[in-house]
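One structure is given here, and the rest of the page talks about it.
The values are calculated or read from the model by the stated rules, or taken from the named source; none is laboratory data. These numbers were taken from a predicted model, which means no experiment stands behind them. As a convention, Cβ positions derive from the backbone with ideal geometry for all residues, glycine included, and neighbour counts pool all protein chains shown.
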Amino acid sequence: MGIAPDGTLYANGLAGTGGRDPGAVYRSLDNGTTWERIGTPTAPMPNFDPDLAVARDGTVWFSSLWLGCSSTAASKDAGKSWTTSYLGCVPAAGDRQYVIPTKGGTAYIYSHHVPTLYQAVAKTTDYGATWTPSGFAEGGPLAIAQNGQSGWGGGGFWNEKTGSVFATFTWYSDIVANNAGTATTSWLPAAGVTRDEGKSWQLATAPSAGGVAVGLGLVVGAADEAGNVYLSWAEAKQKQMTVYLAVSKDDGKTWSKPIVVDDDAGSKVFPAIAAGDAGRVAIAYYHADQHDYPSNVPKDTHWNVTLAWTADALNGTPTWERANLSTHSARTGPICPDGSTCQGNRQLLDYFALKVTPQGRVASVWTSTDDVAGKTVNVFGMTETPLLRAS
């Protein structure tokens, strides 16, 4: 999901054509009450691992994956026309790609490079007509020499205040991550950061709280209007699931200790994050009424979407408020967060977005298997209160 400066909402979903669906971009002009399909910009390529982002200038970016190659499209005119690059393959053999727009026709795309298990990055300056390799997010072309490697990415963001670009992922410092992105040794919430427009990348790691990464890990991040940056993730300590936040006031050079967002007895998975004015952060996640690892909860477990928010994230011990963002359960039964190694219960995948509107309201699109019987659908929700603006 993405939000334009004028408040127009965009999201991606299926085109409804059946078979290898190419995916479509949808738009709402009435705060999510109604949605219209405005294009299938990467058709006929199949809609695997779709991603959508909206730049600060309103440019809409869409991408999809097929056979390890990314297709991308960008629209400068609210979906009337698109600049499309089919099977850009920069590089080939990537998995779960994310687009990070900055300004003008500039954007970055990164994906988990299967042959090396690093995050390979490419850059465009012409709205996606052409893409140029930008090295590995873990530290440029020599990243492979590091003692460790990354799991799957969770998305990325642009710190407009500093001009830095962050590509988030889970970093395994001692052992090769397996296909599920899990390991039994040290791991850290991490991001690759470029402060020179993609010429070089540095590995930035925040401390974990000592638990196990939940499934693929899927670290997410955001920057507030003052340039502070945030990472969020979930950890498991046996049956205890906790959502954490780390804060950096110096553009990712140093990080706070993990801050507990929610550690109640319910299971939690797939956090998403948004930031507004300085210190104002919101984090949403699927939240169960049962206490166990997400794939081990009983069949009668109900999952809702919880939204947690704070106005003082820059405080070492921020105060959190919480409420249900979903009006009823989004899922009944286990959720498998382990990617392609799952034997079932993977209907939600990782398609969960959280954004801030120009007025400071928090908007989200999540996946649900409970809202429409027998179907997996996208659901939109938005707060009535501008939680992420001071006034």
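Here are a few things to note about the model shown:
Yes/no matrix, rows are residues, columns are (1) closer than 19 Å to Gly252 by Cβ; (2) surrounded by fewer than 21 Cβ atoms within 10 Å (Cβ to Cβ); (3) hydroxyl-bearing (Ser, Thr, Tyr); (4) modelled with pLDDT of 95 or more:
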{"position": "Gly163", "(1), (2), (3), (4)": "yes, yes, no, yes"}
{"position": "Ala167", "(1), (2), (3), (4)": "yes, no, no, yes"}
{"position": "Ala177", "(1), (2), (3), (4)": "no, no, no, no"}
{"position": "Ala180", "(1), (2), (3), (4)": "no, yes, no, no"}
{"position": "Thr184", "(1), (2), (3), (4)": "no, yes, yes, no"}
{"position": "Trp187", "(1), (2), (3), (4)": "yes, no, no, no"}
{"position": "Ala190", "(1), (2), (3), (4)": "yes, no, no, yes"}
{"position": "Ala206", "(1), (2), (3), (4)": "yes, no, no, yes"}
{"position": "Ala213", "(1), (2), (3), (4)": "no, no, no, no"}
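- Checking Asp312, Asp262 one by one, the residue that is acidic (Asp, Glu) and in contact with a Phe, Trp or Tyr (Cβ under 9 Å, 6 or more places away or on another chain) is Asp262 and no other.
- Answer residue from segment 89-105, given it is part of a loop (DSSP other than H, G, I, E, B) and β-branched (Val, Ile, Thr) and is modelled with the highest pLDDT among those: Thr102
- Thr310 at pLDDT 95 or above, of a type outside the set (D, E, K, R) and buried (at least 20 other Cβ atoms within 10 Å of the Cβ): yes
- Number of positions in segment 57-79 that are assigned to a loop (DSSP other than H, G, I, E, B) and either under 25 Å from Val219 (Cα atoms) or in contact (Cβ under 8 Å) with a residue 40 or more places away in the chain (or both): 8
- Count of residues meeting criterion [modelled with pLDDT of 95 or more, crowded, with 17+ Cβ neighbours inside 10 Å and over 18 Å from the mean Cα position of the chain (by Cα)] in segment 51-70: 2
- Only a single criterion out of (1) surrounded by 22 or more Cβ atoms within 10 Å (Cβ to Cβ); (2) among the hydrophobic types (A, V, I, L, M, F, W, C); (3) modelled with pLDDT of 95 or more; (4) assigned to a loop (DSSP other than H, G, I, E, B) is not satisfied by Cys336, namely (1).
Quick grid of which residues meet (1) of a type in the set (D, E, K, R); (2) within 24 Å of Lys355 (Cα to Cα); (3) in contact with a Phe, Trp or Tyr (Cβ under 6 Å, 6 or more places away or on another chain):
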| position | (1), (2), (3) |
| --- | --- |
| Asp49 | yes, yes, no |
| Thr59 | no, yes, no |
| Ser63 | no, yes, no |
| Trp66 | no, no, yes |
| Cys69 | no, no, no |
| Asp77 | yes, yes, no |
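- On inspection, Thr83 passes the criterion of being farther than 24 Å from Thr357 by Cβ and buried (at least 17 other Cβ atoms within 10 Å of the Cβ).
- Matching residues, segment 190-233, being hydrophobic (A, V, I, L, M, F, W, C), outside any strand (DSSP E or B) and under 16 Å from Thr102 (Cβ atoms): Trp201
- Scanning segment 35-61 for residues that are over 15 Å from Asn378 (Cα atoms) and of a type in the set (A, V, I, L, M) turns up Ile38, Ala43, Met45, Ala53, Val54, Ala55, Val60.
- Test: Lys80 is over 18 Å from Leu349 (Cα atoms), modelled with pLDDT of 95 or more and touching an Asp or Glu at 6+ places or on another chain (Cβ under 9 Å): no
- Residues that are surrounded by fewer than 24 Cβ atoms within 10 Å (Cβ to Cβ), of a type in the set (A, V, I, L, M, F, W, C) and under 15 Å from Tyr98 (Cα atoms), drawn from segment 122-139: Trp131
- Selected residue (criterion: nearest to Gly360 (Cα to Cα)) from residues of segment 21-34 that are in contact (Cβ under 8 Å) with a residue 40 or more places away in the chain and either surrounded by 17 or more Cβ atoms within 10 Å (Cβ to Cβ) or not polar (S, T, N, Q) (or both): Gly32
- Scope segment 106-128; condition of a type in the set (Gly, Ala, Ser) and not in a strand (DSSP E or B); matching residues: Gly128
- Residue tally, condition buried (at least 24 other Cβ atoms within 10 Å of the Cβ) and within 16 Å of Ala246 (Cβ to Cβ), over segment 194-204: 1
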